[in-house]
Amino acid sequence: MTGIQPVAEPIILVENLFKNYGAVEALRGVSFAVEEGEVFGLLGPNGAGKTTTIEILEGLRTSDRGTARVCGLDPEKTGERFKELIGAVLQSTSLPAKLRVKEALELFANFYPQRANVDQLLRRFQLEEKSKAFYSELSGGQKQRLALAMALVNDPRVVFLDEPTAGLDPQVRREIYDIIEELKRGKKTVLITTHYIEEAERLCDRVAIVDHGRVIALGTPRELKQKAAGMTRLEIRLARPAVNGTLAHLDGVSDCREFDGAYILHSVRAPQTIVALVKQLEAENNELQSLEMFSPSLEDVFIELTGRRLRE
Amino acid sequence: MGIVSRTWTLTKVRLLLALRNRAFFFFSLIMPMIFLFGAGGFLRHGPRQYIPYVLGAVLTTTVMGSFWGLSVQLVSFREQGILRRFRIAPVGAGPMLASSIISNYFMSIPVVLFEIFVCRLAFHVRDWGNVWAIILLITVGSAAFSALGLIVASVTNTMQETQMINNLIWMGLIFLSGATIPIAIFPQWLQRVALFIPAQYLATGLESATTSMATYYEVFEDFAALVMGLYVAFEISRRLFRWEPEAKAPRSAKLWVLAALVPFLLFGAWENIYGSRLKTVNSHFSRLSLMMPRQSPPAH
């Protein structure tokens, strides 16, 4: 006996994952690990490689190189045992139009040896009233709630959620957040992809920011935001374009970028920056149309790291 | 949960979905009825013995039609992303494909029975024909043509492509099988070509069975050809099965369709060299022709 305890493998392990689609490099060495009971987010813009990563982990795609393991199993060798351990909400999927809500849950529950109670799931996801409705009759939010319920029919160890709130209105999105928070309280391991800052900040224990097929930052939302600590984001719109470079040299401004006609300034002394801005605009005979102030968010971290906004 | 159990679970849902599909009722029930009443009405002044011959053709088209519905449904499921939802569940391609075939068979049975009863009631046919042969051929024929549909779904990438290939196959099956035009009236060279058409085994078998003219050996040969066709087609479709809408079939995959025809090519070649099928088909047709009322010679 050496006395050394074997280190338990993280429930999700991704090491140096590569994937090409023809000439397009979708993944260029993605690595991260997720511990059991953690809600882990992959945050990044469209085309960053989030869906490719999660679909490799679900066993829907194969990687070109690297390691992907879920519950100690290789998803590429998608045996039944592996599928019994995971649940997933896919980004682009559907069900037959004439399948009723309860029938869909019962159908999928029947595939697994370990099953959640379908009636309880219907209650939990507020689908009781719609249990006899056809899939085609459901709203976007109801379809997504059903997708989440279906992901839990086998009481999985790991739940994959690929953009679970994309395209939903804010009210429905909040409902989905409540459901994911319930999973979090139940210590379910969740891997979620998103391009919504609010989602990642509110739901995730840790976040990997992904861009162009690489993880460019990883940590808790608090740790990541500390990179932008002390900064305030000012988003301003002007009547006419600013004179080249003048905004970047205002008092307190550490960074200035233009996105879609708006200027985003990161300032370490916001009040002084605003005073200087007003003076500068007067001097240029320009007008301020709007000004919004934000405390640091993951969006600022992304801008700082990539020079782009998340939802460009 | 075993493969059998998963297949049965899927089969039940497929049956449910088919029953809720109006297009299914139109193509599976109304269309064959139109054909039956059209042909039956045309021959209503002929002898009753001719109606079983028409029934054989109607049953053949009903069973052959399996391939069309299944290929369209599977491609539609793939395009809509429905299949990929099943992919993350412990459901393999085998249960998914087998459930298509089995549910289609269960849906065919009431239609076939309905057609037989309509023949008895509307056209006063008293003879049931060779019932066991009919059941056997309907069963294996339904499965074989369903499997052909699954291959079409596996080698086509879009619904448009599926419909185009379905049309081409349907033309070949419907006109060269003997289901709508008796093989006996084809020129000799075309009769020989028809021996390679999969549906010919079904059409000939069912016509012989409904008219009680089949020998057990003939039915066995039809049965064997269809079973071999079913096995090869199912295995190919299982191997080529694609869950993902963006996973395109390589061009080489289309060649696999030809592989599915190998059993029929072998049977066709054997028949052309050693068999007596054409002689039998022509003899059956001659017997039926003799039953038809002759037109009176013009008065001088």
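The values are calculated or read from the model by the stated rules, or taken from the named source; none is laboratory data. Keep in mind that this is a model prediction, so the values were computed, not measured. Using ideal geometry, Cβ is built from the backbone for each residue, glycine included, and neighbour counts are taken over all protein chains shown.
General observations
- Among the residues of region A:221-239, those that are out of contact with any Asp or Glu (no Cβ under 8 Å at 6 or more places or on another chain) and surrounded by fewer than 19 Cβ atoms within 10 Å (Cβ to Cβ) comprise A:Arg222, A:Glu223, A:Gln226, A:Ala229, A:Gly230, A:Arg237.
- Test for A:Ala48: is it in contact with a His (Cβ under 7 Å, 6 or more places away or on another chain), in a loop (DSSP other than H, G, I, E, B) and either without any contact (Cβ under 8 Å) to a residue 24 or more places away in the chain or in the same structural domain as A:Gly29 (by TED's automatic domain parsing) (or both): yes
- Top-ranked residue of region B:186-195 - restricted to ones that are assigned to a helix (DSSP H, G or I) and aliphatic (A, V, I, L, M), ranked as surrounded by the most Cβ atoms within 10 Å (Cβ to Cβ): B:Ala194
- For region A:119-138, the condition of being within 14 Å of another protein chain (Cβ to nearest Cβ), touching a Pro at 6+ places or on another chain (Cβ under 7 Å), polar (S, T, N, Q) and part of a helix (DSSP H, G or I) holds for none of the residues.
- The numbered conditions (1) facing chain B (nearest Cβ under 10 Å); (2) closer than 26 Å to B:Leu17 by Cβ; (3) touching a strand residue (DSSP E or B) at 6+ places or on another chain (Cβ under 7 Å) are all true for A:Phe82 except (2).
- Selected residue [closer than 24 Å to B:Leu230 by Cα, aliphatic (A, V, I, L, M) and more than 9 Å from every other protein chain (Cβ to nearest Cβ)] from B:Leu36, B:Leu10, B:Leu59: B:Leu59
- In summary, helices (runs of 4 or more DSSP H) completely within region B:23-140 and bearing 3 or more residues that are of a type in the set (Phe, Trp, Tyr) and in contact (Cβ under 8 Å) with a residue 40 or more places away in the chain occur at B:93-123.
- Flag for A:Arg145 being touching a strand residue (DSSP E or B) at 6+ places or on another chain (Cβ under 8 Å), of a type in the set (Lys, Arg) and more than 13 Å from chain B (Cβ to nearest Cβ): no
- All of B:Leu265, B:Leu278, B:Leu206 fail the test of being of a type outside the set (Asp, Glu) and surrounded by 22 or more Cβ atoms within 10 Å (Cβ to Cβ), apart from B:Leu206.
- Here A:Val159 clears all of (1) more than 20 Å from B:Ile82 (Cβ to Cβ); (2) under 24 Å from the mean Cα position of the chain (by Cα); (3) hydrophobic (A, V, I, L, M, F, W, C); (4) in a helix (DSSP H, G or I) except the condition numbered (4).
- Condition met for B:Val72 (surrounded by fewer than 18 Cβ atoms within 10 Å (Cβ to Cβ), closer than 23 Å to B:Phe241 by Cα and among the hydrophobic types (A, V, I, L, M, F, W, C)): no
- Scanning region A:64-113 for residues that are of a type in the set (Gly, Ala, Ser) and assigned to a loop (DSSP other than H, G, I, E, B) yields a count of 5.
- Restricting B:Leu55, B:Leu36 to those that are at pLDDT 80 or above, hydrophobic (A, V, I, L, M, F, W, C) and either buried (at least 23 other Cβ atoms within 10 Å of the Cβ) or touching a Ser or Thr at 6+ places or on another chain (Cβ under 8 Å) (or both) reduces the list to B:Leu55.
- Single unsatisfied condition, A:Val243 versus (1) surrounded by fewer than 19 Cβ atoms within 10 Å (Cβ to Cβ); (2) of a type in the set (A, V, I, L, M, F, W, C); (3) over 20 Å from A:Pro296 (Cβ atoms); (4) at pLDDT 85 or above: (4)
- Sole exception among (1) within 12 Å of another protein chain (Cβ to nearest Cβ); (2) among the basic types (Lys, Arg); (3) touching a residue at least 60 places away in the same chain (Cβ under 8 Å) for A:Arg69, by number: (1)
- Pair list, Cβ < 8 Å and 6+ apart or interchain, from region B:147-165 residues that are over 18 Å from B:Ala233 (Cα atoms) to residues that are part of a helix (DSSP H, G or I): B:Thr158/B:Val75; B:Thr158/B:Glu79; B:Met159/B:Val72; B:Met159/B:Val75; B:Met159/B:Ser76; B:Met159/B:Glu79; B:Gln163/B:Val72
- Under the condition of being closer than 18 Å to B:Asn157 by Cβ, of a type outside the set (Gly, Ala, Ser) and buried (at least 19 other Cβ atoms within 10 Å of the Cβ), the residues counted in region B:226-241 number 3.
- Across region B:75-129, the qualifying residues are those that are within 24 Å of B:Phe25 (Cβ to Cβ), among the hydrophobic types (A, V, I, L, M, F, W, C) and more than 23 Å from the chain's Cα centre (by Cα), and the one among them that is surrounded by the fewest Cβ atoms within 10 Å (Cβ to Cβ) is B:Leu121.
- Residue check, B:Pro198 surrounded by fewer than 24 Cβ atoms within 10 Å (Cβ to Cβ), within 23 Å of B:Ile273 (Cα to Cα) and either at pLDDT below 85 or out of contact with any helix residue (DSSP H, G or I) (no Cβ under 6 Å at 6 or more places or on another chain) (or both): no
- A:Leu13 passes every criterion in (1) of a type outside the set (Asp, Glu); (2) away from chain B (no Cβ under 14 Å); (3) closer than 23 Å to A:Ile197 by Cα apart from (3).
- Failed item, numbered, when A:Ala116 is tested on (1) under 30 Å from A:Asn46 (Cβ atoms); (2) at pLDDT below 95; (3) more than 9 Å from chain B (Cβ to nearest Cβ): (1)
- In this entry, B:Phe175 is excluded by the filter for residues that are under 20 Å from the mean Cα position of the chain (by Cα) and not in a helix (DSSP H, G or I).
- Residue satisfying all of: in region B:72-131; within 12 Å of chain A (Cβ to nearest Cβ) and charged (D, E, K, R); nearest to B:Ala209 (Cα to Cα) among these: B:Arg78
- Screening A:Leu234, A:Leu238, A:Leu203 for residues that are in contact with a helix residue (DSSP H, G or I) (Cβ under 8 Å, 6 or more places away or on another chain), at pLDDT below 90 and among the hydrophobic types (A, V, I, L, M, F, W, C) leaves exactly one candidate, A:Leu234.
- Leading residue by the ranking (surrounded by the most Cβ atoms within 10 Å (Cβ to Cβ)) among those in region A:88-100 that are within 8 Å of chain B (Cβ to nearest Cβ) and not hydrophobic (A, V, I, L, M, F, W, C): A:Pro96
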